[in-house]
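Participant: The following block contains the structure, expressed as C-alpha cells.
Each value in this text was obtained by applying a stated rule to the coordinates, not by laboratory testing. Note that the coordinates shown come from a computational prediction; the quantities given were computed from them, not determined experimentally. No Cβ is skipped: glycine too gets one built from the backbone with ideal geometry, and neighbour counts run over all protein chains shown.
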Amino acid sequence: MRVSLFAAAVVLAALCATAAHATLRPLRPSDARLLARPATYEEQIAEQVAARLTGLHPQVRCGPLGVPTGYGILGITLFIGTRPAGYFLMLPQLCTELAAFHAAPASFDPRSCTDSACLIKDSDTAMALATVSHESYHLLGYRNEAKVECYGMQSIWFVASKLGASLAESQAIASFYATQMYPQRRTKTPAYWSAECRNGGTLDLRPSLARWPS
C-alpha cells in the first residue's frame, strides 16, 4: 500500500495518513472488470516499468482503490492469502503524471527548481515514480511497509530511467525523494520508515556502492 506525502511552499511539508498500517488487501471480485479491460497508454507505461523491475508480468490499473478516501493512499497491491495477486492499483492522477514525465522527463528535474510551484510539481512526479517502485516490491511478495518503502526508494532511479530520464536526472530525482521526502515519514507515517534505510544500513540493496539511494 502506498501513502502520499505532499510538498507545500518552499520547504516540503507532509500531509499523510494518520494510520498507514501494513495490512494485506485481499483479492476483490469487483476488480475483475477493471482488469478485464485493455490497459490504457498510461497503465501500459506503469506495467512495462513494473515488469522490468520485478521480472514478472504484472497488471497495473488506475482507478478506484476500494479503500476509504481521505487517508492519502495512492496505490495498493492485492493479495490472495499471503501471495500477491499479480496486479496493483493506483489513483488515476498518478498515471497522468507518469505519462507526462514519459513525454518530457527533463521538465521534471528537481535540480532546476527555483520556486515552490516547481518543488510541488516535482514532488508529485517523484511520488508517482516511487509508487510504481513501491508496489512492485509488494508484487515480489514483500509485505513489511518500511522495507518495501526503502527498497522502492532505491529503485526510483530505475523507474525514472526506464521512462526516458537521463541517468543523472534519475539519480537526482531519487536523491530528492530520499533527502526531502522520505525523512518526513519518520513522524508522519512511521510504519513506512526505518533507521536502517540508509547508505550502509541493513536495508541497503547495494552496500558495496557509495552512491545513495541509487
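Participant: Under a Cβ-only charge scheme (Lys and Arg +1, Asp and Glu -1), can you give me the dipole magnitude of the chain about the Cα centre, in debye to the nearest 20?
Facilitator: That gives the chain a dipole magnitude of about 520 debye.
Participant: Starting from the 7 Å offset along Cα-to-Cβ, what nm value, one decimal, do you get for the label separation of Arg33 and Arg198?
Facilitator: Using points 7 Å along Cα→Cβ, the separation is 5.0 nm.
Participant: Residues with beta-carbon under 9 Å from that of Cys113, excluding Cys113: net charge, scoring Lys, Arg +1 and Asp, Glu -1? Don't skip to the answer; put the middle values down first.
Facilitator: Values: positive: Arg111, Lys121; negative: Asp109, Asp115, Asp122.
Taking every other residue near Cys113 into account, the sum is -1.
Participant: While we're on this one: Residues in the stretch 75-106 near a label at Leu56, defined as backbone nitrogen under 19 Å from the 7 Å Cα→Cβ point?
Facilitator: Residues 75-91 fall inside that zone.
Participant: Below 20 Å, Cα to Cα, which aspartates and glutamates can Lys162 reach? Residues fewer than 8 away in the same chain don't count.
Facilitator: Lys162 reaches Glu42, Glu43, Glu47, Glu97, Asp109, Asp122, Asp124, Glu135, Glu149.
Participant: From Cα pairs below 8 angstrom and at least 6 apart in sequence, can you work out the relative contact order of the stretch 156-214, rounded to a whole percent?
Facilitator: Details: 46 pairs, mean separation 17.4, N = 59.
The normalised contact order for the stretch 156-214 reaches 29 percent.
Participant: List the DSSP H helices in the chain whose Cα atoms stretch 24 Å or more along the helix axis and whose mean Kyte-Doolittle hydropathy is at least -0.5. Could you put the intermediate results ahead of the total?
Facilitator: Values: long enough: 116-139 (34 Å, 0.21).
Span-like helices here: 116-139.
Participant: With θ set to phi - 60°, apply the Karplus curve 6.51 cos²θ - 1.76 cosθ + 1.60 along the stretch 194-210 and write out the HN-Hα couplings as whole Hz, x wherever there is a Gly or Pro.
Facilitator: 3J(HN,Hα) across the stretch 194-210, in whole Hz: 9, 5, 8, 8, 7, 4, x, x, 5, 9, 6, 6, 10, x, 7, 9, 7.
Participant: Is the shape of the stretch 165-214 rounded, prolate or oblate, going by the alpha carbon gyration tensor and its root eigenvalues a ≥ b ≥ c, with a/c under 1.5 for rounded and a/b larger than b/c for prolate? All intermediate terms of the calculation are to be shown ahead of the outcome.
Facilitator: Details: a/c = 3.15, a/b = 1.29, b/c = 2.43.
Oblate shape, in that a/c is at least 1.5 and b/c is the bigger or equal ratio.
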